[in-house]
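To start, the structure itself, in structure tokens.
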Amino acid sequence: MKNVNARKEYDVIVIGGGATGAGTARDCAMRGLSTILIERLDFTAGASGRNHGLLHSGARYAHTDPESAAECIRENIILKRVARHCVEETRGLFVTLPEDGLDYQNAFVDDCRRAGIDAELLEPAEAIRLEPAVNPDIIGAVKVPDGSIDPFRLVTANVLAAQLNGADVLTYHEVTGFVKDGTRICGVELKSRRNGERSTVYGKVVINACGIWGHHVAELAGVKIAMYPAKGSLLIFGHRVNHMVLNRCRKPGDADILVPGDTISVIGTTSTRIPFDEIDRMEVTTGEVDLLLREGVKLSPMLAWTRVLRAYAGVRPLVASDHDPSGRSISRGIVCLDHETRDGLSGFITITGGKLMTYRLMAQDATDMACRKLGVDRPCRTAEVPLPGSEPDARDEERKAHIIELSTEMKAAEGRHGSWTGKIAAGNDADDALVCECEQVSVAECNYAIEELHVNNLINLRRRTRLGMGTCQGELCACRGAGILERHHKCTKRALDDLASFMAERWHGMYPVCWGETLVEAQFTSWLYQGVCGLEKEPPRHEEEMNS
Amino acid sequence: MMTLQQQNISDNNFESCIKCTICTVYCPVTAVNPDYPGPKQAGPDGERYRLKKPVFYDEALKYCLNCKRCEVACPNNVKIGDIIQSARIKYAKGKPSLRDTMLANTDFMGNMATRMAPLVNFTLGLRPVKYLLDRTMKIDDRRTFPRYASQRFESWFGRHAAASQDSYPHTVSYFHGCYVNYNYPQLGKDLVKVLNALGVGVHLLDGEKCCGVAKIANRCVDEATRDAHTNMKAIREATARGDETVATSSTCCFTLRDEYPHVLRVDNHDVRDHIMLATRLIYRLIDEGKAKVAFRPDYRKRVAYHVPCHMEKLGWTIYSTSLLKMIPGLEFIPLDSHCCGIAGTYGFKKEYYDYSQAIGEPLFRQIRESGCDFVACDCETCKWQIEMSTGVPVENPVSVLAAALDIAKTRELNGVAAIPAVE
């Protein structure tokens, strides 16, 4: 993507293509600010794409952090409305195991109700009836309005919304420096990760929404934020084991949440502080895999005999309170910093901390601050206006009635693109042909993603469609996907390099859990790609991130 | 620590699929019907989606023949056919239609039909009746119905054979199945004749019910399960008195051994090894020198052998073909392993008839071109399909043996000449 926006001055430059950045770009654009969203790699390439995908009810924080809990339940209700195609209202259970004791549960229900969370105490037998996958030894259970949320869809929808409201979007552009006019930030210097081209974008306000990478971006602007990267590892199981979110009813700990997401289930997380030089190359260790399995089996014993598909790790941006630079007092709440008042650097805002659940609120805080700086007084409407794909649709009822008659891939696509599914061509053999068989992604869905959803490579395509996320991890679909991309960008060498990096990225996530069926499948995949097709063993490690 | 990882081996059979897609290549339906998603997608891939939400059940799974060729092809032992049948049973909408229920209840229909067999056979052969069945019940009017017998095999056996069977040095129990009982008792008579000549007496199972394969295919699962329990009880009694249980139908045999535990969840592990195809028992008797055979010197036939799909799945083709090859005057022509397309009741249904015939076409062509006197085959529905589609007669290998053996001499060789032979 060539940067053609060099001469223009934006009201707002948002850096960071995760949920917070995309949400902020959407909010700014909806308030009539001319906005550009800049991302170093691809949307959701950072922490937004590497979490549980849990739509918190807030119950998890009800005891330890009532304020966050209340925030969560408010956002939970909002997202179920405005992002309904990204959300699945699975409901959740907080279960008490014999080893945990019932003390926590007794206080828990009251804490939840105080925070406004509809928590319902269940008999263990009733909980087991509702969720047969739960450990049958539970001695207590509380039902809460937890759900699952697909962060890839959520961010894509926010980007689409920003664009519909006039925002520009640049992916694969890294901020290398800031343009300053005295103590005022007035632009960012960019370097394309595709071709190395340098450019400058001018704007009145720059919002740093880069998660943990915001630490570095702030440094480039000459200000210091004390952030600490905390790695959280998770395991993906091959199919949907549970249909309700399962939580341990105890103080938040390791591996105590099992979330059903799309076709799979995810157990997590661990929590380990890591040095900054590891945030772009995180590995899931054997110890973490063991811990996740050992604790996961306590929530749902059948995890012990379910195939583990892959492991991945995300990094939480923990922000030290400004009053305690030692880093001991860490906030998990939203941190919105006005660097003008804090550091005397005007035109620069950092929005960080928080969590996926509160991305919209974070965006609202940052946009409110930007509006104040720009002297704009327009209300935030992101809690009322549905995201693209979640609009109420007159065809809704009709679609529900006919979903049985849709092909499996169209049913799957409905889940991914919501009311925008109509943009995907269907009805002829060429369009309907499957690219990804595990996740039911058709040729037409790939074409739609490539044309409309900022897809440069197979990894981007995976995030927009779930291509390669199924049990075969790209074995069958990667080469087909590469073929389709090649038709669009017409460069065979690029397609081959892309294919090699994609397969390497898939392998990176399979490696920590490579035993049993996953090992057999990985072996078969390597025969196919290296043995039969002669794909290079060492992929050219150019642009794309290697984090699983 | 590592033991956790070593023990985490998937117990979900569908997760063993490595997506090689060999099953889809071997699927007879995929080749002729683009609406069928193929065994990989219908089976392990679809299972993940159905586990996510039942709405992902694809009604196109009804096109599955349940031939199990996908399972034979699978290098990783995924029970693809079982996954598909179980999904149809669990998720398919609506109750089985009247037609499907009638086709499924081969025992009930057979029981009624044999009471007035000449009338039923005459009526079912009439064009207007076939037209009516086609239009009202969607049973294809191009299909030739199997004829019903006037006397059930069980009645014949009770009257003519039962008394002498315990005089033989060994005995087996015979699972005759609906076809032998109601349509073609001659095959049962041939089995008694051959086994007796080899020194083996034949018992019938106490209260045998239909094996249930048609009921499973037509989703009449409660009845199938009930019958399965009755059959297992009878087979356990037979095993307890020292009898092996033999069948002349490869499909009945396969159902008793594999569909019961895999699809109906009826446990049979204690007696499964004692359920076998008659040709396997006969071959082993001869091979181990426990029985001797003498063939008629004047027997001259050119015979093409067709492997039924469920025979392929059992892996026992070698017993039937080896027996045929023992016959000195028999010229053996192996046919390519290819589904005939009828799949029990499937080929009777109007909506599948054309697929059924298209699947079988390469086989029919090969049979027509082989110049054989008849086709040998261990499955009755393959027999209907091949006879109807090629005009070439089909015989069970047991009947071939009955015709080729010098029965009197064989009885003498096995020391049972003194026992009065059944006629």
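Okay, here's what the table says:
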quantity: Looking only at the range A:448-469, and only at residues there that are touching a Gly at 6+ places or on another chain (Cβ under 8 Å) and outside any loop (DSSP other than H, G, I, E, B), the one that is surrounded by the fewest Cβ atoms within 10 Å (Cβ to Cβ); calculated: A:Arg463
quantity: Options B:Ser155, B:Ser150, B:Ser167, B:Ser173: the member that is in contact with a Gly (Cβ under 8 Å, 6 or more places away or on another chain) and among the hydroxyl-bearing types (Ser, Thr, Tyr); calculated: B:Ser167
quantity: Number of the exception - A:Gly222 against (1) touching a Gly at 6+ places or on another chain (Cβ under 7 Å); (2) surrounded by fewer than 20 Cβ atoms within 10 Å (Cβ to Cβ); (3) farther than 18 Å from A:Arg40 by Cβ; calculated: (1)
quantity: Test: residue in the range A:480-491 that is within 14 Å of chain B (Cβ to nearest Cβ), in contact (Cβ under 8 Å) with a residue 24 or more places away in the chain and of a type outside the set (Lys, Arg); calculated: no
quantity: Residue among B:Tyr346, B:Tyr299, B:Tyr305, B:Tyr355 that is within 19 Å of B:Tyr26 (Cα to Cα), in contact (Cβ under 8 Å) with a residue 24 or more places away in the chain, surrounded by fewer than 24 Cβ atoms within 10 Å (Cβ to Cβ) and not polar (S, T, N, Q); calculated: B:Tyr355
quantity: Test: A:Leu190 is outside the structural domain of A:Gly261 (by TED's automatic domain parsing), touching a residue at least 40 places away in the same chain (Cβ under 8 Å), in a helix (DSSP H, G or I) and not polar (S, T, N, Q); calculated: no
quantity: Conditions (1) more than 13 Å from chain A (Cβ to nearest Cβ); (2) free of Cβ contacts under 8 Å to residues at least 60 places away in the same chain: number failed by B:Val72; calculated: (2)
quantity: Subset of the range B:36-55 (residues that are under 15 Å from B:Asn66 (Cβ atoms) and of a type outside the set (A, V, I, L, M, F, W, C)); calculated: B:Tyr36, B:Gly38, B:Pro39, B:Gly43
quantity: Test: residue in the range A:46-59 that is in contact with a strand residue (DSSP E or B) (Cβ under 7 Å, 6 or more places away or on another chain), surrounded by 23 or more Cβ atoms within 10 Å (Cβ to Cβ) and in a strand (DSSP E or B); calculated: yes
quantity: Tabulated pairs, the range A:509-538, first within 12 Å of chain B (Cβ to nearest Cβ), second aromatic (Phe, Trp, Tyr) and buried (at least 18 other Cβ atoms within 10 Å of the Cβ), C-beta under 7 angstrom, 6+ apart or interchain; calculated: A:Ala522/A:Trp507
quantity: Number of the exception - A:Arg294 against (1) closer than 28 Å to A:Asn106 by Cβ; (2) crowded, with 19+ Cβ neighbours inside 10 Å; (3) within 14 Å of another protein chain (Cβ to nearest Cβ); (4) not aliphatic (A, V, I, L, M); calculated: (2)
quantity: Single match in A:Ala167, A:Ala161 (criterion: modelled with pLDDT of 95 or more, touching a Pro at 6+ places or on another chain (Cβ under 7 Å), among the aliphatic types (A, V, I, L, M) and surrounded by 21 or more Cβ atoms within 10 Å (Cβ to Cβ)); calculated: A:Ala161
quantity: Output for the range A:441-472, where each listed residue is more than 17 Å from A:Met510 (Cβ to Cβ) and within 14 Å of chain B (Cβ to nearest Cβ); calculated: A:Val441, A:Ser442
quantity: Conditions (1) within 14 Å of chain A (Cβ to nearest Cβ); (2) under 30 Å from B:Met137 (Cα atoms); (3) surrounded by fewer than 22 Cβ atoms within 10 Å (Cβ to Cβ); (4) in contact (Cβ under 8 Å) with a residue 40 or more places away in the chain; number of the one not met by B:Asp82; calculated: (1)
quantity: Residue in the range A:278-286 that is under 26 Å from A:Gln440 (Cβ atoms) and surrounded by 20 or more Cβ atoms within 10 Å (Cβ to Cβ) present; calculated: no
quantity: Residue selected from the range B:22-45 under the condition surrounded by fewer than 18 Cβ atoms within 10 Å (Cβ to Cβ) and free of Cβ contacts under 8 Å to residues at least 60 places away in the same chain, by the criterion farthest from the other protein chains (Cβ to nearest Cβ); calculated: B:Val25
quantity: Output for the range B:233-280, where each listed residue is of a type in the set (A, V, I, L, M) and touching a Leu at 6+ places or on another chain (Cβ under 8 Å); calculated: B:Ala234, B:Ile235, B:Ala238, B:Val246, B:Ala247, B:Ile275, B:Leu277, B:Ala278
quantity: Residue that is nearest to the other protein chains (Cβ to nearest Cβ) [pool: residues in the range A:303-321 that are under 26 Å from A:Pro151 (Cα atoms) and outside any strand (DSSP E or B)]; calculated: A:Arg307
quantity: Any hit, the range A:67-82, residues being touching a residue at least 12 places away in the same chain (Cβ under 8 Å), of a type outside the set (Phe, Trp, Tyr) and not in a helix (DSSP H, G or I); calculated: no
quantity: Elements of type strands (runs of 3 or more DSSP E) in the range B:222-332, at least 1 residues being more than 21 Å from the chain's Cα centre (by Cα) and either of a type in the set (S, T, N, Q) or more than 26 Å from B:Gly415 (Cβ to Cβ) (or both); calculated: B:301-305
quantity: Failed condition for A:His243, given (1) within 10 Å of chain B (Cβ to nearest Cβ); (2) under 17 Å from A:Gly509 (Cβ atoms); (3) not small (Gly, Ala, Ser); calculated: (2)
quantity: Boolean, B:Arg48 is touching a residue at least 24 places away in the same chain (Cβ under 8 Å), of a type in the set (D, E, K, R) and more than 9 Å from chain A (Cβ to nearest Cβ); calculated: no
quantity: Sole exception among (1) over 17 Å from the mean Cα position of the chain (by Cα); (2) farther than 13 Å from A:Met357 by Cα for A:Gly46, by number; calculated: (1)
quantity: Residue list for the range A:261-290, restricted to those being without any contact (Cβ under 8 Å) to a residue 40 or more places away in the chain, part of a helix (DSSP H, G or I) and more than 9 Å from chain B (Cβ to nearest Cβ); calculated: A:Asp277
quantity: In the range A:426-440, residue nearest to the other protein chains (Cβ to nearest Cβ) [restricted to those that are within 17 Å of A:Gly481 (Cβ to Cβ) and of a type in the set (Gly, Ala, Ser)]; calculated: A:Ala433
quantity: Residue in the range B:155-168 that is modelled with pLDDT of 95 or more and part of a loop (DSSP other than H, G, I, E, B) present; calculated: yes
quantity: Any chance A:Gly422 is in the same structural domain as A:Thr408 (by TED's automatic domain parsing) and either over 30 Å from A:Val308 (Cα atoms) or in contact with a Ser or Thr (Cβ under 9 Å, 6 or more places away or on another chain) (or both); calculated: yes
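The values are calculated or read from the model by the stated rules, or taken from the named source; none is laboratory data. Nothing here was measured: the structure is a model prediction, and the numbers come from that model. Methodologically, a virtual Cβ is constructed for each residue, glycine included, from the backbone with ideal geometry; neighbour enumeration extends over all protein chains shown.
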